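Enquirer: Dumping the structure here so I can ask a few things about it.
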Amino acid sequence: MKPFMDKDFLLSTPTAQKLYHEYAADMPIIDYHCHVSPREIFEDRRFENITQVWLGGDHYKWRVMRSNGVEEKYITGDAPDREKFQKFAEALPRAIGNPMYHWCHLELKKYFGYEGALNGETAEEVWNLCNEKLKEPGMSVRGLIAQSNVAFVGTTDDPVDSLEWHQKIKEDPSITTVVAPSFRPDKALNIDKAGWKEYIAKLAEVCGCEIKDSAALECALASRIDHFDAAGCRSGYGVQQGDERRSPHRGGGRAVQDGSAAVLRP
């Protein structure tokens, strides 16, 4: 019987196998979209357990859990880490065929040496194996980056971020991986979401200006782009969709407050 996930997983032809094993496998990774905190890279964080690694901030894993009816306390709430991992393990088999299922098992195999399938019944075994492995020297944040042969990391950063940790990383000669900020103005563009008005106030404070209309917002974001560029930014946010009827430039783009929310209207 063919192993669950062998060295030729997803490599279904001789050509694919040759290209991967003889060329791609040893090439450095250029990661333009990473959710690892620059502070954790600088401080070389060590994780206490696999829940901190996998469920501390991975919204894709959170989505798997929410889609399967898992209570929020086991996702971003205050449930114990062991219980959170159990709930994820129970939900994961329902993602067979989804890249999430592949990612998790590839990671378990490569970094933890686990050859089986994660589910509710194997959760305890995997929990103990991973947590023991995480105690080893090469399993810190920088160690995992080095193991993965990552040459460039583009972190996920908000326009209001100071980027102080990127500067510290740049000044640390022991960090050989290039770590650069990525400009992610999602909060400034999500005008329909709660908290937008408060976020704009924070952006104005950071920029030292008043933001009363779309022109001022554009100016503020442009100033932050300059700040990011000076820090080595090489990637940013891609707008998911556009609607010219809501363009802030139609009719002057006044900022209109509507109760607790604020929206841009022509």
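Where a number appears in this text, it was derived from the coordinates with a stated rule and is not lab data. Source: prediction; values computed, not measured. Note that each Cβ is placed from the backbone with ideal geometry, even for glycine, and that neighbours are counted across all protein chains shown.
Enquirer: List the relative contact order of region 97-203 as a percent without decimals, with contacts defined as Cα pairs under 8 Å and 6+ residues apart. Spell out each step's value before the answer.
Expert: Details: 68 pairs, mean separation 20.2, N = 107.
Once normalised by length, the contact order is 19 percent.
Enquirer: Okay, next question. For every helix of n ≥ 4 consecutive DSSP H residues, a contribution of -39,500 (n - 2.57) applies; sum these over the chain, divide by its total residues, and give [θ] at 222 nm rounded to the nearest 500 deg cm²/dmol. The partial results should precede the final answer.
Expert: Working: 12 runs with 109 residues, N = 266.
Helix contribution divided over all residues of the chain: -11500 deg cm²/dmol.
Enquirer: Next question. List the relative contact order of region 73-145 as a percent without decimals, with contacts defined as Cα pairs under 8 Å and 6+ residues apart. List each step's numbers first, then the result.
Expert: Details: 43 pairs, mean separation 19.5, N = 73.
Relative contact order comes out at 27 percent.
Enquirer: Please figure out what share of the DSSP beta bridges in the chain is antiparallel and state it in percent, rounded to the nearest 5. All intermediate terms of the calculation are to be shown ahead of the outcome.
Expert: Details: 6 of 15 bridges.
For the chain, the DSSP antiparallel bridge percentage is about 40.
Enquirer: Another one. Show which lysines lie in cross-link reach of Lys7 when reach means a straight Cα distance below 21 angstrom and same-chain residues fewer than eight apart are skipped.
Expert: By straight Cα distance, Lys7 reaches Lys18, Lys109, Lys110.
Enquirer: For the residues Phe42, Phe112, what sequence is obtained by ranking on other C-beta atoms within 10 Å, fewest first? Intermediate values should be presented prior to the final figure.
Expert: Details: Phe42 21, Phe112 17.
If I rank by nearby Cβ atoms, fewest first, I get Phe112, Phe42.
Enquirer: For the chain, calculate the relative contact order in percent as a whole number, restricting contacts to Cα pairs under 8 Å that are 6 or more residues apart. Before the final figure, lay out each step's value.
Expert: Working: 325 pairs, mean separation 50.6, N = 266.
With pairs under 8 Å counted, the relative contact order is 19 percent.
Enquirer: Beta carbons within 10 angstrom, averaged per residue: use that to sort the peptides 51-58, 18-25, highest first.
Expert: With the highest mean Cβ count within 10 Å placed first, the list reads 51-58, 18-25.
Enquirer: Here's something else I'd like to know. Could you tell me the convex hull volume per residue, in Å³, taken over the Cα atoms of the chain? All intermediate terms of the calculation are to be shown ahead of the outcome.
Expert: Working: hull volume 47.0 nm³, N = 266.
In the chain, the Cα hull volume divided by residue count equals 177 Å³.
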